[in-house]
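Working notes for the structure below.
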Amino acid sequence: MRLRSLLGALALLVTTATATATITHAAELAADLHETVVQVPMTEKGFFGTSTRELVATLYQPDGAGPFPLIVLSHGSPPDPRDRVKTGRYRAIAQIRTFVDLGFAVIVPIRRGFGATGGTYAEDYGHCNGADYEAAGNAAAQDLLATIAYADTLPQIDREHVVLVGQSAGGFASLAAASFDPPGLVAVVNFSGGRGGDPVKHPGVPCAPERMTSAIAHFASTTHAPVLWHYVENDKFFGPDYTRSWFASFQQAGGKGEFVMEPAWGDNGHLMFASRDAIPIWLPHVHDFLAPIVHIR
């Protein structure tokens with residue numbers, strides 16, 4: 001009943017589509033979500049040894065003291081590398097509010113080389129034909145693992161119930177991070193995850209898809225948490241034949257989870273998660289997937 005009410009409220013509130021969720025410099029903070037900007041410490045390995053740096057992240061939570069189950073929400077990566085540093089914090093407020101309404105605290109790290117965190121980009125997979133997705137995934141995973149470790153120190157967080165959620169490159173980063181089996185991880189939600197897509201240069205056909213298949217099998221072999229794979233038929237980054245084959249590889253390597261392929265949505269289904277008016281489409285799948293695993297409202 002509560003889920004139907006939430007979906008109805010979303011349908012009434014949303015009157016126009018949002019083409020993409022934005023990473024923004026917005027100074028305002030959402031008081032109703034207890035929005036707080038935090039610094040996540042991490043150890044970075046380089047040619048000259050290790051160093052300590054910080055990731056900019058944003059924390060949101062329901063009213064009360066908690067402890068709340070945690071979602072680590074991961075952003076994607078723009079096709080044009082020049083756009084990585086043009087923006088600040090990833091504030092997909094409608095989507096975040098949906099998760100908070102379900103009872104989650106949400107932390108949104110900005111990974112190295114992006115937006116407010118800046119610095120050296122760590123997720124470069126190299127040239128298209130010889131893409132090293134495994135290395136790129138492992139680099140992104142370090143940022144998410146550092147975020148989980150930071151969140152574990154907060155008294156309002158239920159460290160035994162952590163969910164990784166990500167879209168596009170963030171979905172792929174979540175798959176990679178799950179392979180490290182971080183403490184408290186109970187589930188992963190992968191929205192249109194992958195790397196190597198370009199809707200202009202090669203729509204629907206990612207770079208070196210066989211290398212992605214191999215990377216996903218590698219990650220799946222040490223992943224214990226179940227994963228919800230959510231994709232859309234008309235994804236102009238990763239066409240459906242590729243994503244279905246990636247999920248098959250995930251299963252064959254021992255990964256457990258569910259695969260959802262939505263009908264075509266808008267001009268580019270890759271952007272479904274980023275649009276507020278699509279929340280009623282994906283929310284039932286996420287709710288049904290998480291409800292047996294995490295206590296949600």
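Among the residues of region 99-122, are any under 16 Å from the mean Cα position of the chain (by Cα), among the polar types (S, T, N, Q) and either assigned to a strand (DSSP E or B) or surrounded by fewer than 22 Cβ atoms within 10 Å (Cβ to Cβ) (or both)?
The answer is no; no qualifying residue exists.
Can you tell me which of (1) modelled with pLDDT of 95 or more; (2) of a type in the set (Gly, Ala, Ser); (3) over 30 Å from ALA31 (Cβ atoms) is the one GLY113 doesn't meet?
(1)
Among the residues of region 275-297, write down those that are closer than 13 Å to PHE99 by Cα, part of a loop (DSSP other than H, G, I, E, B) and either touching a Ser or Thr at 6+ places or on another chain (Cβ under 6 Å) or without any contact (Cβ under 8 Å) to a residue 24 or more places away in the chain (or both).
ALA291
Could you say whether any residue in region 152-165 is closer than 26 Å to ARG53 by Cβ, among the β-branched types (Val, Ile, Thr), at pLDDT below 95 and buried (at least 21 other Cβ atoms within 10 Å of the Cβ)?
First, pick out the residues of region 152-165 that are closer than 26 Å to ARG53 by Cβ: 152-157, 159, 162-165.
Narrowing the set further to residues that are among the β-branched types (Val, Ile, Thr) leaves 153, 157, 162-163, 165.
Then keep just the ones that are at pLDDT below 95; that gives none.
Scanning region 152-165, I find no residue that is closer than 26 Å to ARG53 by Cβ, among the β-branched types (Val, Ile, Thr), at pLDDT below 95 and buried (at least 21 other Cβ atoms within 10 Å of the Cβ), so the answer is no.
Looking at ARG159, ARG89, which is the one that is closer than 27 Å to GLY269 by Cα and of a type in the set (Lys, Arg)? Walk me through it before giving the result.
Values: ARG159 fails: closer than 27 Å to GLY269 by Cα.
So the residue among ARG159, ARG89 that is closer than 27 Å to GLY269 by Cα and of a type in the set (Lys, Arg) is ARG89.
Looking at the structure I just gave you, is ARG111 in contact (Cβ under 8 Å) with a residue 40 or more places away in the chain, touching a helix residue (DSSP H, G or I) at 6+ places or on another chain (Cβ under 8 Å), farther than 25 Å from ALA217 by Cα and among the basic types (Lys, Arg)? Before you say what the answer is, go through the steps one by one.
Values: in contact (Cβ under 8 Å) with a residue 40 or more places away in the chain: yes; touching a helix residue (DSSP H, G or I) at 6+ places or on another chain (Cβ under 8 Å): yes; farther than 25 Å from ALA217 by Cα: no; among the basic types (Lys, Arg): yes.
Judged against the criteria, ARG111 is not a match.
Picking from ALA94, ALA105, ALA116, which residue would you name as being touching a helix residue (DSSP H, G or I) at 6+ places or on another chain (Cβ under 7 Å) and small (Gly, Ala, Ser)?
Numbers: ALA105 fails: touching a helix residue (DSSP H, G or I) at 6+ places or on another chain (Cβ under 7 Å); ALA116 fails: touching a helix residue (DSSP H, G or I) at 6+ places or on another chain (Cβ under 7 Å).
When all the criteria are applied, what remains is ALA94.
Would you please name the residue that is farthest from GLY103 (Cα to Cα), looking only at residues in region 43-66 that are touching a Pro at 6+ places or on another chain (Cβ under 9 Å) and surrounded by 15 or more Cβ atoms within 10 Å (Cβ to Cβ)? Outline the logic, then answer.
Step one: filter region 43-66 for residues touching a Pro at 6+ places or on another chain (Cβ under 9 Å), giving 52-58, 65-66.
Narrowing the set further to residues that are surrounded by 15 or more Cβ atoms within 10 Å (Cβ to Cβ) leaves 53, 55-58, 66.
Values: ARG53: 31, LEU55: 25, VAL56: 23, ALA57: 20, THR58: 17, GLY66: 9 Å.
Across region 43-66, the extreme among qualifying residues is ARG53.
Which residues, taken from region 265-294, are touching a strand residue (DSSP E or B) at 6+ places or on another chain (Cβ under 7 Å) and either exposed (fewer than 15 other Cβ atoms within 10 Å of the Cβ) or farther than 28 Å from SER221 by Cβ (or both)?
TRP265, GLY269, MET272, ALA274, ILE281, ILE293
Residues that are modelled with pLDDT under 95, of a type in the set (Asp, Glu), farther than 22 Å from PRO280 by Cβ and not in a loop (DSSP other than H, G, I, E, B): does region 136-144 have at least one?
Initial filter on region 136-144 (modelled with pLDDT under 95): none.
Checked region 136-144: no residue is modelled with pLDDT under 95, of a type in the set (Asp, Glu), farther than 22 Å from PRO280 by Cβ and not in a loop (DSSP other than H, G, I, E, B).
Out of PHE180, PHE247, I need the residue that is closer than 17 Å to GLU134 by Cα, modelled with pLDDT of 95 or more, part of a loop (DSSP other than H, G, I, E, B) and among the aromatic types (Phe, Trp, Tyr). Which one?
Numbers: PHE247 fails: part of a loop (DSSP other than H, G, I, E, B).
Of the residues listed, the single one that is closer than 17 Å to GLU134 by Cα, modelled with pLDDT of 95 or more, part of a loop (DSSP other than H, G, I, E, B) and among the aromatic types (Phe, Trp, Tyr) is PHE180.
Can you tell me which condition VAL186 does not meet? The list is (1) under 16 Å from the mean Cα position of the chain (by Cα); (2) within 25 Å of GLY88 (Cβ to Cβ); (3) surrounded by fewer than 23 Cβ atoms within 10 Å (Cβ to Cβ); (4) among the aliphatic types (A, V, I, L, M), and all the others hold.
(2)
Could you tell me whether any residue of region 36-44 is closer than 23 Å to ASP83 by Cβ, at pLDDT 85 or above and not β-branched (Val, Ile, Thr)?
No; the residues of region 36-44 include none that is closer than 23 Å to ASP83 by Cβ, at pLDDT 85 or above and not β-branched (Val, Ile, Thr).
The values are calculated or read from the model by the stated rules, or taken from the named source; none is laboratory data. The structure presented is a predicted model; accordingly, all values stated were derived computationally and were not measured. Using ideal geometry, Cβ is built from the backbone for each residue, glycine included, and neighbour counts are taken over all protein chains shown.
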